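Novice: The structure under discussion is supplied below as structure tokens; questions concerning it will follow.
The values are calculated or read from the model by the stated rules, or taken from the named source; none is laboratory data. Being a predicted model, the structure only gives us computed values, none of them experimental. Cβ coordinates were reconstructed from backbone atoms using ideal geometry, including for glycine residues, and neighbour counts include every protein chain displayed.
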Amino acid sequence: MKSLQTISLIVFLVGFLACKADTRKPVFLQEEDKNPAISKTSIKVALLLDTSNSMDGLIDQAKAQLWEIVNELSYAKCKHEQPNLKIALYEYGNDNLSEKNGYIRKVLGFTEDLDDVSKELFSLTTKGGSEYCGTVIKASLDQLDWGNNADDLKLIFIAGNEPFTQGKIDYRDAANVAKEKSIVVNTIFCGDYKHGEDTSWKEGAILTYGDYMAINHNQQTVHVPSPYDDTILQLNIKLNKTYIPYGRYGKEKVAEQEAQDDNAAGYSKSNAVSRTVSKSSHFYKNSSWDLVDAEKEENFNYSTLKKEQLPQNLQGKTIEEIKAYVKSQRKKREVIQKEIDDLNKKRKDYISNHKKENTNGLENAMIEAIKNQAKKKDYTWE
């Protein structure tokens, strides 16, 4: 239930952490590769979401605030560098899940594909159940590729409302494993702050030097419309036309991009605007299926492209003609993204002057936690 909140929170965290390393991310022109590797130090965030019966409000809140959280973290810098973001997703506490596996499911391994994160968030449903926090934390520690880079920021966000002590695996044992791997566990209790303390949610965070937060998961997200929204949404239509799908998953990913646009718009116009702003940021990467993004990668090679896996208008073209078309689409995209960025600055100013105080929702809780932890890593916000 509150799982989705956790997601938003994690996404946020991711943004502020990445900093020093310079690990190159190869471009996957082969259609088998849906999740390209990362090129710099990584911020790795695992979201562990409770999808038991009482968490519908939390899930709605997370869906409604995901893109705004991504946007906030996109302003983070570490030593003048923009970090990369990788997100993993688990659900737990749902009766539809296997009892043998402790009612948990790995939904996504670490990925930079924000459309996939959105897709899976919107597909989560609630039912049941039995929430075993120690079990799902330990599973994420064992099953995900956290890597050995000391410069990576490694975070777990777990959200729920049942006692943290349930299940066969003691959360304190899981916390010890997390500390050994330099992974910070942050806990989000959906309900009264004191009740979360009494049921060990606060201790679950303190053991790994993480943050404990309590939120009102049934609080409705309030979107503030701005005079710039319609223009930004028109620019989103133009932005989508700059993508050049290729490979086995090209057409599928274009359809998914449109589906996530629709999901965002289904909540409100403001939410659709927030997603458009995210799509103009450096976090929105699609080199596994879009030629404009792929060409920027070090290991990209036009000679590996298969004619039948190119758009109809590029089949039969020479490599030089394809390069010229990609260059043209890139220039169009950069102009559109700059327009969106300029309008969003005005939009942010407008919203800050018209937004009522709202201090107990998911977005505020996550931002506060992320910025608190970012101080320890010398992160700054533009």
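Novice: Kindly provide the set of residues from region 170-198 that are buried (at least 20 other Cβ atoms within 10 Å of the Cβ) and not small (Gly, Ala, Ser), ordered by number.
Specialist: If the condition is that a residue be buried (at least 20 other Cβ atoms within 10 Å of the Cβ) and not small (Gly, Ala, Ser), then 171, 183, 184, 185, 186, 187, 188, 189, 190 are the ones that fit.
Novice: With the requirement that a residue be small (Gly, Ala, Ser), part of a helix (DSSP H, G or I) and over 19 Å from the mean Cα position of the chain (by Cα), what does region 133-151 give you?
Specialist: Across region 133-151, the qualifying residues are 134, 139.
Novice: Here is a follow-up. List pairs: first residue in region 339-365 and farther than 29 Å from residue 215 by Cβ, second residue at pLDDT 85 or above and hydroxyl-bearing (Ser, Thr, Tyr) anywhere in the structure, Cβ distance under 8 angstrom, at least six positions apart or on different chains.
Specialist: As it stands, the answer is 340/276; 340/280; 341/280; 343/228; 343/231; 346/226; 346/228, since those pairs meet every condition given.
Novice: For a quick check of your reading of the model, give me the residue pairs whose first member lies in region 308-327 and is assigned by TED's automatic domain parsing to the domain that holds residue 297, whose second is small (Gly, Ala, Ser) and part of a helix (DSSP H, G or I), with beta-carbon atoms closer than 8 Å and at least 6 apart or on different chains.
Specialist: These pairs meet every condition: 309/250; 311/250; 319/303.
Novice: Take residue 274 and decide whether it is touching a residue at least 12 places away in the same chain (Cβ under 8 Å), within 25 Å of the chain's Cα centre (by Cα), crowded, with 20+ Cβ neighbours inside 10 Å and outside any helix (DSSP H, G or I).
Specialist: Criteria not met by residue 274.
Novice: Residue 368 is checked against (1) touching a residue at least 12 places away in the same chain (Cβ under 8 Å); (2) farther than 28 Å from residue 43 by Cα; (3) out of contact with any helix residue (DSSP H, G or I) (no Cβ under 9 Å at 6 or more places or on another chain) and fails just one. What number does that condition carry?
Specialist: Here residue 368 meets the rest and fails (2).
Novice: For region 192-218, which positions are in contact with a helix residue (DSSP H, G or I) (Cβ under 7 Å, 6 or more places away or on another chain) and over 13 Å from residue 165 (Cα atoms)?
Specialist: Correct list: 207, 208, 211, 212, 213, 214, 215, 217, 218.
Novice: Could you list, in sequence order, all residues of region 155-192 that are β-branched (Val, Ile, Thr) and touching a Cys at 6+ places or on another chain (Cβ under 7 Å)?
Specialist: Hit for region 155-192 is 158, nothing else.
Novice: When residue 297 is evaluated against the numbered criteria (1) under 21 Å from residue 256 (Cβ atoms); (2) part of a helix (DSSP H, G or I); (3) out of contact with any helix residue (DSSP H, G or I) (no Cβ under 9 Å at 6 or more places or on another chain); (4) charged (D, E, K, R), which criterion, by number, is the only one it fails?
Specialist: (2)
Novice: Hey, among 281, 200, 287, 270, which residue is touching a Phe, Trp or Tyr at 6+ places or on another chain (Cβ under 7 Å) and either at pLDDT 95 or above or not assigned by TED's automatic domain parsing to the domain that holds residue 73 (or both)?
Specialist: The conditions single out 200.
Novice: Shifting gears a bit: Does residue 116 satisfy the condition of being outside any strand (DSSP E or B), assigned by TED's automatic domain parsing to the domain that holds residue 128 and under 26 Å from residue 294 (Cα atoms)?
Specialist: yes
Novice: Right, another one. Inspect all residues belonging to region 126-135 and state whether any of them is without any contact (Cβ under 8 Å) to a residue 12 or more places away in the chain, among the hydroxyl-bearing types (Ser, Thr, Tyr) and closer than 29 Å to residue 266 by Cβ. Can you show your working first?
Specialist: Our first condition is that a residue be without any contact (Cβ under 8 Å) to a residue 12 or more places away in the chain; within region 126-135, this holds for none.
No, every residue in region 126-135 fails to be without any contact (Cβ under 8 Å) to a residue 12 or more places away in the chain, among the hydroxyl-bearing types (Ser, Thr, Tyr) and closer than 29 Å to residue 266 by Cβ.
Novice: Being touching a helix residue (DSSP H, G or I) at 6+ places or on another chain (Cβ under 6 Å) and either modelled with pLDDT under 95 or under 20 Å from residue 54 (Cα atoms) (or both) narrows it down to one residue among 111, 187; which is it?
Specialist: 187
Novice: Further, regarding this structure: Go through the residues of region 318-339 one by one and say whether even a single one is among the small types (Gly, Ala, Ser) and either touching a Leu at 6+ places or on another chain (Cβ under 9 Å) or at pLDDT 95 or above (or both). If you could, list the steps in order and put the result at the bottom.
Specialist: Residues of region 318-339 among the small types (Gly, Ala, Ser): 324, 328.
Remaining after also requiring either touching a Leu at 6+ places or on another chain (Cβ under 9 Å) or at pLDDT 95 or above (or both): 324, 328.
Within region 318-339, one or more residues are among the small types (Gly, Ala, Ser) and either touching a Leu at 6+ places or on another chain (Cβ under 9 Å) or at pLDDT 95 or above (or both).
Novice: Next question. Taking the options 217, 195, 223, name whichever one is touching a Leu at 6+ places or on another chain (Cβ under 7 Å), under 26 Å from residue 57 (Cα atoms) and either not β-branched (Val, Ile, Thr) or not assigned by TED's automatic domain parsing to the domain that holds residue 68 (or both).
Specialist: 217
Novice: Inspect all residues belonging to region 90-102 and state whether any of them is modelled with pLDDT of 85 or more, of a type in the set (Phe, Trp, Tyr), part of a strand (DSSP E or B) and surrounded by 23 or more Cβ atoms within 10 Å (Cβ to Cβ).
Specialist: The answer is yes, given that some residue of region 90-102 is modelled with pLDDT of 85 or more, of a type in the set (Phe, Trp, Tyr), part of a strand (DSSP E or B) and surrounded by 23 or more Cβ atoms within 10 Å (Cβ to Cβ).
Novice: Among 84, 101, which is over 18 Å from residue 271 (Cβ atoms), in the same structural domain as residue 367 (by TED's automatic domain parsing) and more than 13 Å from the chain's Cα centre (by Cα)?
Specialist: Checking each option against the conditions leaves just 101.
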